[in-house]
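To start, the structure itself, in structure tokens.
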Amino acid sequence: MIKLSNITHLYGDKAVLQDLSLNIEANQLTCLLGSSGSGKTTILRLIAGLETPKSGIISIENRTVTQNKQILIPPHHRHIGFVFQDLALWPHLTVYENIAFGLKNRETTPKQSKKDHINKTVFDMLDFFGLQEYAEKYPHQLSGGQKQLVAISRSLVLKPKILLMDEPLANLDVKLKRKILQHIKNLSQSSIFGLDLSIVYVTHDHKEAFAIADKIVVLDKGEIEETGTVEEIKRSNNKFMKYFLEY
């Protein structure tokens, strides 16, 4: 589904990723797990096309999207949704308007007016996440967990094939995290709204990763230390893994 081959990426003179290769399988929830500075967010940004590597190839669905410093397929043609850590909700728009924003430039079927199509799509999403009663609220009127769900909904209404999530739960308490994690798990296990979705989720918290991941990729200083299922990671004899999982 997503293939990174021999990726090297620099910030200034510092190599953040060094000759990294990684395969991310389709229709799975893959967690990129590691401490700050391990390269997790950089990988997401390279996949999305928000940055370009110094060298290496990135392919999505067997199409080369980036080769060395050249972008071959621009971000808006990669069928990717991105939930940023700061959420980036528009404060002057309601929940409904935030979710509907990206749909306004999309075509709809001849049998259905654009307004009706947008309305149905948005309310289907609100219904799935239990946000119907908040449709006319503004972001400042929502709880932290509700804001997270609006940000996820805004990405999903565009029916991406890949959803990238950059530490979206970092500022939530344990109870809210559990609720949102269950929503994310539901997304990864069922095809809702005709979505055939692959999720790449960044976290520094191994408990989060263990709660939702089909596959975990553990990173340290721009290199892959370990990959595997939750059980495989827990049983790992890798010295770094044993140290990391103590915290």
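The values are calculated or read from the model by the stated rules, or taken from the named source; none is laboratory data. Computed from a predicted model, the values in this text were never measured in an experiment. Cβ placement follows ideal geometry from the backbone for every residue including glycine, while neighbour counts extend to all protein chains displayed. To get the accessible areas, we keep the full protein, side chains included, count just its heavy atoms, and leave off ligands, DNA and RNA. Shrake-Rupley method; radii C 1.70, N 1.55, O 1.52, S 1.80 Å.
Numbers below:
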| item | result |
| --- | --- |
| Percent of beta bridges antiparallel (DSSP, the chain, rounded to nearest 5) | 55 |
| Residue-averaged [θ]222 nm for the chain, counting only DSSP H segments that reach four residues, each worth -39500 (n - 2.57) | -9000 deg cm²/dmol |
| Cα-based helix-to-principal-axis angle, 174-189 vs the chain, degrees rounded to 10 | 90 |
| Residue among Asn105, Gln85, Ala26 farthest towards the positive dipole end of the range 1-113, charges placed on Cβ | Asn105 |
| Förster-model FRET efficiency, 41 Å R0, Glu133 and His77, C-beta, rounded to 0.05 | 0.70 |
| The range 56-185 shape via C-alpha gyration tensor axes, a/c threshold 1.5 | oblate |
| Magnitude of the charge dipole, the chain, Cβ model with Lys/Arg +1 and Asp/Glu -1, debye to 20 | 380 |
| Translational diffusion of the range 164-247, µm² s⁻¹ [Kirkwood Rh, Cα pairs; Stokes-Einstein; 25 °C; 0.890 mPa s] | 176 |
| Ranking by accessible area, most exposed first, for Arg45, Arg63, Arg78 with a 1.4 Å probe | Arg63, Arg45, Arg78 |
| Listed residue pairs exceeding 21 Å between alpha carbons, taken from Lys120/Lys159; Lys185/Lys239; Lys14/Lys239; Lys159/Lys207; Lys54/Lys239 | Lys185/Lys239; Lys14/Lys239; Lys159/Lys207; Lys54/Lys239 |
| Surface accessible to a 1.4 Å probe, per residue, for the residues of the range 81-220, Å² | 49 |
| When each of Lys3/Lys242; Lys177/Lys221; Lys221/Lys242; Lys177/Lys215 is checked by Cα-Cα distance, pairs over 21 Å | Lys3/Lys242; Lys177/Lys221 |
| Stretch gain in nm, segment Thr64-Gln182, where the contour uses 0.36 nm per residue and the Cα spacing is subtracted | 39.2 nm |
| Cross-link pairs beyond the 27 Å C-alpha cut-off, checked among Lys69/Lys114; Lys175/Lys234; Lys40/Lys114 | Lys69/Lys114; Lys40/Lys114 |
| Sparse-neighbourhood loop sites, trypsin sites (Lys or Arg not before Pro) in the range 112-209 - DSSP loop, at most 16 other Cβ within 10 angstrom | Lys137 |
| Coil-residue GluC sites (Glu not before Pro) of the range 68-166, DSSP, other Cβ within 10 Å capped at 10 | Glu107, Glu136 |
| Of all accessible heavy-atom area on the chain, the percent that carbon and sulfur account for (1.4 Å) | 47 |
